[in-house]
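The values are calculated or read from the model by the stated rules, or taken from the named source; none is laboratory data. Being a predicted model, the structure only gives us computed values, none of them experimental. For neighbour counting, all protein chains shown are included, and Cβ atoms are generated from backbone atoms with ideal geometry for every residue, glycine included.
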Amino acid sequence: MNTSLFTDIECLKGVGKATGEKYRKIGISSPYELIYHIPRNYLDFRAYIPIAQAEINTYCVLKLKIISKGTPKQIRKGLVICRANATDGTDNITITIFNNVYTFHALQTGETYYMYGKINGNMLQREITSPVYVKIGDTALIQPIYRLTQGLTINTVRANMRDALDMMHEYPFETLSFDILQKYQLTTLMSALENIHFPQSSFTAEQAKRRLSFDELLKLQLGMLIMKAQRQHHTSFRMDKNIKTDEFTENLPFKLTDGQADAIAEIIDDMCRDIPMNRLLQGDVGSGKTAVASAICYFTAKNGFQSAVMAPTSILAIQHAKTFTSFLEPLGIKVAVLTSATTAKNRTQILKELAGGEIDVLVGTHAIIQKDVEYKSLGLVITDEQHRFGVSQRTALAEKSDFPHKLVMSATPIPRTLALNIYGDLDISSIKQLPKGRTPIKTYAVTGKKRDGAFGFIRDRLNEGRQAYIVCPMIEDNENDLFAVKTYAENAKKSTLNGYTTALLHGKMKSAEKEEIMEKFSNGEIQVLICTTVIEVGVDVPNAVVILIENAERFGLSQLHQLRGRVGRGKYESSCILITDNKNDECINRMKIMCRTTDGFEIAEEDLKMRGPGDFFGNAQHGLPPLKIADAFCSMELSETAKKCAEEILADDPKLEKPENHALKMETIKLFNKDITG
């Protein structure tokens, strides 16, 4: 590989200090990083339409011949307007270019160009504004669109990219063996990098994306499989399968579902092995994951070990602590809760009892992974809503002990094939049935015109002694037409909810303030909670029977389902009202899905189909390395293929020590930002 690829980006022709700084703003500091700056899309100049079909306020490609050019005019300081007249042979159009005399002068009268730009004007006289164009006869009719920053133009990036690729071709390199390329029908790395930036056709661009996506997915699978293999050491906390959980289940105020019982059996089976458990427990909203976790903590305590349960928010941690306490303390198992709001005096006492082994189960936020928190015998680590924690936070909790068992929980159901790819280093248990007696939540999608009626419905429920949530997407007012929760709460208190007890809750409040409000809402002192998505996870108030969600189009299906799950947790009939004035087809379809089903797994499948390119969770949430090219969530077939390839490579070379795997090892280390093979 050409070592020049790893020198400063300024080594490229025409890249000075100022341009180099602009590149660094988007994470590019060398030619090698530039060639991996993958286009976010392509502009296909072959897909042109007649002027007559160009709709106002849309972007399109036109094939235009320049009829005449006007003289550039300086309208005011800092604004020069250039105009030309053009035709497609049938209709005429005005070309308008702002503050770019050089580009305007490059257009030649009598020549024909493909032009892409925004169509303005009216049906009688259309205008194409500041178009990107290529001359007829230019072979580069499929051009990449890159993520840029202010002052960095597409033409600059294209020119610099050409130089970087030429530098790369001087010393061709490859990360995969010839056998793998043949077996999985992959193009060479050099061809892929060339055609991802300068494709000769749509086919070569797709082949390039497939190869580079495969590379990323292969490295991801290699990393996860290696981490899974590293778990195959002995744990100090092998449990005794002869210890039963009958006492726990017999003392519950309800009967476990078959799904809960199966999950408990799978988890206990894992914990009775020599190697530490690493399992994902996923279940729909209200499926009873907390009861399963409590049973496992009971089993751990009866084996003489401690459990730690980490939740993403203080509200959820305190709620969990109450549930665990009600289930476990009557059976002689001591539960404590530790959050950032815990007083210094109480914290000191908790740490003392924890280190002495007097506390069996510690529930808390990230406060439980602080350096001075020491456990006597931490045998089980549970992370709730695990996608809200980074890998480092989960690792910090596990490192409080010598290879403890790990259980991660998620109330965001995802298709099993997807789960196997996202959580490749975990075993999976799923709870798909809800406890008996749950009344299905009725969901309605309406426009803002029905808001008064929706509030009338809420007032009726409040008059019956019930409670309600109102969710808004923003905290502060801004220029967008979105409801800001602060203003919304003030207005509602004075008008539609006048005479009812309301409170405001959002993520920017101090923990103690949030906890006080939630406590009052749980106790029935507050009738309506007007909030942001801070209540999305785990809040359990059985008396709350209505949730109204403003600007519902702003939320994904899975998030809407999570929010809806805040009601329907008691014996009363519950409703979810989605308000949106968005009339695009995708939004209408999402609202229909929400009204049609309350099955979280079905919703997750639909969400996955509708998201298309993009991130099902958000890379930062699920904790995996960010993928620049591969759409790991939609390229399921390619991901499965990459996993199969990774398994074959590691079966032959478990630590990637063979010379032919050196480049692959280095790339995997780079993706995970650490040497996971050491």
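Points to keep in mind about this one:
- Filter result for Leu186 (crowded, with 18+ Cβ neighbours inside 10 Å, in the same structural domain as Gly14 (by TED's automatic domain parsing) and touching a helix residue (DSSP H, G or I) at 6+ places or on another chain (Cβ under 6 Å)): yes
- Any chance Lys289 is in contact with a Cys (Cβ under 6 Å, 6 or more places away or on another chain) and either free of Cβ contacts under 8 Å to residues at least 60 places away in the same chain or not aliphatic (A, V, I, L, M) (or both): no
- Exactly one residue out of Leu328, Leu351 is more than 27 Å from Asn251 (Cβ to Cβ) and part of a helix (DSSP H, G or I), and it is Leu351.
- Any chance Ile267 is in a loop (DSSP other than H, G, I, E, B), in contact with a helix residue (DSSP H, G or I) (Cβ under 6 Å, 6 or more places away or on another chain) and modelled with pLDDT of 90 or more: no
- Here Ser213 clears all of (1) crowded, with 21+ Cβ neighbours inside 10 Å; (2) of a type in the set (S, T, N, Q); (3) closer than 30 Å to Gly568 by Cα except the condition numbered (3).
- Here the condition is being assigned by TED's automatic domain parsing to the domain that holds Leu34, under 30 Å from Thr3 (Cβ atoms), of a type in the set (Gly, Ala, Ser) and surrounded by 16 or more Cβ atoms within 10 Å (Cβ to Cβ); of Ala159, Ala192, it holds for Ala192 alone.
For every residue, the table says whether it meets (1) at pLDDT 75 or above; (2) surrounded by fewer than 17 Cβ atoms within 10 Å (Cβ to Cβ); (3) not assigned by TED's automatic domain parsing to the domain that holds Gly570.
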residue	(1), (2), (3)
Tyr375	yes, no, yes
Ile382	yes, no, yes
Val391	no, yes, yes
Thr395	no, yes, yes
His405	yes, no, yes
Arg416	no, yes, yes
Tyr423	no, no, yes
Asp427	yes, yes, yes
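- Residue list for the range 22-58, filter: more than 29 Å from the chain's Cα centre (by Cα) and either of a type in the set (D, E, K, R) or surrounded by 15 or more Cβ atoms within 10 Å (Cβ to Cβ) (or both): Pro31, Asp44, Phe45, Arg46, Tyr48, Ile51, Ala54, Glu55
- Screening Thr96 on (1) surrounded by 14 or more Cβ atoms within 10 Å (Cβ to Cβ); (2) in contact (Cβ under 8 Å) with a residue 24 or more places away in the chain; (3) assigned to a loop (DSSP other than H, G, I, E, B) shows it passes everything except condition (3).
- Figure legend. Inter-residue proximity from the range 133-160: first residues at pLDDT 90 or above, second residues in a helix (DSSP H, G or I), beta-carbon distance below 7 Å, spacing 6+ or different chains. Indicated pairs: Asn160/Leu34.
- Glu127 meets each of the listed conditions (1) of a type outside the set (A, V, I, L, M, F, W, C); (2) in a strand (DSSP E or B); (3) under 30 Å from Gly14 (Cα atoms); (4) without any contact (Cβ under 8 Å) to a residue 60 or more places away in the chain apart from (3).
- Looking across the range 1-46, the residues that are without any contact (Cβ under 8 Å) to a residue 60 or more places away in the chain and acidic (Asp, Glu) come down to Asp8, Glu10, Glu21, Glu33.
- Restricting attention to the range 255-274, the residues that are under 14 Å from Lys289 (Cα atoms) and among the hydrophobic types (A, V, I, L, M, F, W, C) total 6.
- Criterion violated by Cys60 - all others in (1) in contact with a strand residue (DSSP E or B) (Cβ under 8 Å, 6 or more places away or on another chain); (2) part of a loop (DSSP other than H, G, I, E, B); (3) closer than 30 Å to Leu212 by Cβ satisfied: (2)
- Going through (1) in a strand (DSSP E or B); (2) polar (S, T, N, Q); (3) at pLDDT 95 or above; (4) exposed (fewer than 13 other Cβ atoms within 10 Å of the Cβ) one by one, Asn85 falls short only on (4).
- Residue within the range 446-466 that is modelled with pLDDT of 75 or more and touching a Cys at 6+ places or on another chain (Cβ under 8 Å) present: no
- Any hit, the range 290-310, residues being part of a helix (DSSP H, G or I), of a type outside the set (A, V, I, L, M, F, W, C), touching a strand residue (DSSP E or B) at 6+ places or on another chain (Cβ under 7 Å) and closer than 17 Å to Ser410 by Cβ: no
- Qualifying residue in the range 229-237 (condition: touching a Ser or Thr at 6+ places or on another chain (Cβ under 8 Å), of a type in the set (A, V, I, L, M) and closer than 23 Å to Ala646 by Cβ): no
- In the range 243-260, the count of residues that are among the aromatic types (Phe, Trp, Tyr), touching a Phe, Trp or Tyr at 6+ places or on another chain (Cβ under 8 Å), farther than 17 Å from Leu407 by Cα and in a helix (DSSP H, G or I) is one or more.
- The single condition among (1) over 23 Å from Glu515 (Cβ atoms); (2) modelled with pLDDT of 90 or more; (3) out of contact with any Phe, Trp or Tyr (no Cβ under 6 Å at 6 or more places or on another chain) that Glu550 does not meet is (3).
- The residues listed here are Thr300, Thr342, Thr325, Thr290; of these, the one that is at pLDDT below 90 and among the β-branched types (Val, Ile, Thr) is Thr342.
- Any hit, the range 131-150, residues being over 27 Å from Lys25 (Cβ atoms), under 36 Å from the mean Cα position of the chain (by Cα) and among the hydroxyl-bearing types (Ser, Thr, Tyr): yes
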